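Chemist: I'd like to ask you about the structure that follows.
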């Protein structure tokens, strides 16, 4: 594929959309693990940011054929179900939400910095709110009560007072995601404008071999589940201590701890043993019905994933020449550019 993104033929645009779809699928099913292995900070925000960039690029390169965004999302969900069969339901919801949001926003507005800010900010806020809802589901209202009491205690030590501290904490948390969404929109806009302006990107050395140790740190699904459970249990212990310490008397403290532990353990067991597996199987069955319709695109996407793994490591290595936001912008630009311009071995006869 040539690098003159403005003058692509119809066939080249379709090929570009296929490559971008593969990159989106990779970012949802493998990029997070590689980022953890490379010790890249803010992995969650960056994976969400990659989705925003790809949705915007698909809308732009497809000449505003927004059905391509929905088609790409369906392929991404199918690949995600195949590559990461134990992915929890919220991850599927996030992908579908981002695609539908992109479709709605770009149907009403042109693809520019403002529309990208809307897409990115709302997508990031949805991700943050989803985490808060899950936190409340697992730990109940007692979690927020403990936060209120702890923040009030800390404020008192400084000769001040604070009521509804958890609300302030949630507000700050949401603001962080909102600012992250704006930064991602800035990176996305700069990346896309750079492509269509013909801005130079570092040429990919096809003979470059990335050290295999980059991928040894990628966590397995089993390890990831255990890590999540340990984090929840640690948070439960901290919460129990807070409820006991800040209770009006010892009896109330023990009662609050028992209630919290009972609720949390029940919620965790019901979620991991019943709700999550059932929803995951239901989603996978729905996607399997669509799989035959998109079989060719799915196979091409799966074949392209190993190459994208190498590109992501190489892009991060090359980005060391930059700092701050420029590094993230280079990382995204290089990864997308190489994905669009490299030769696909599976296409060679």
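Just so you know, all these numbers are worked out from the coordinates, no wet-lab data involved. Nothing here was measured: the structure is a model prediction, and the numbers come from that model. Ideal geometry is used to build each Cβ from the backbone, glycine not excepted, and the neighbour counts take in all protein chains shown.
Chemist: For a footprinting-style exposure proxy, rank 319, 276, 107 by other Cβ within 10 Å, fewest first.
Modeler: 107, 276, 319
Chemist: Give me 58, 134, 283 sorted ascending by neighbouring Cβ count inside 10 Å, so fewest comes first.
Modeler: The most exposed by this proxy come first: 134, 283, 58.
Chemist: Which of rounded, prolate or oblate describes the range 108-197 when judged by the alpha-carbon gyration tensor and an a/c cut-off of 1.5?
Modeler: Since a/c reaches 1.5 and a/b is larger than b/c, the shape of the range 108-197 is classed as prolate.
Chemist: Given R₀ = 22 Å, what would the calculated FRET efficiency be for residue 279 paired with residue 125, taking r from the Cβ atoms and rounding to 0.05?
Modeler: It comes to 0.45.
Chemist: If you don't mind, there's one more thing I want to ask. Tell me the label-point distance for the pair residue 93, residue 114, using the 7 Å Cα-to-Cβ offset, in nm and rounded to one decimal.
Modeler: Placing both labels 7 Å along Cα→Cβ, they lie 3.2 nm apart.
Chemist: Counting pairs of alpha carbon atoms under 8 Å apart in space and at least six apart in sequence, what relative contact order in percent does the range 39-120 give?
Modeler: Answer for the range 39-120 is 36 percent.
Chemist: Rank the residues 54, 237, 111 as a footprinting-exposure proxy: fewest other Cβ atoms within 10 Å of their Cβ go first.
Modeler: Working: 54 29, 237 11, 111 20.
Placing the least packed residue first, the sequence is 237, 111, 54.
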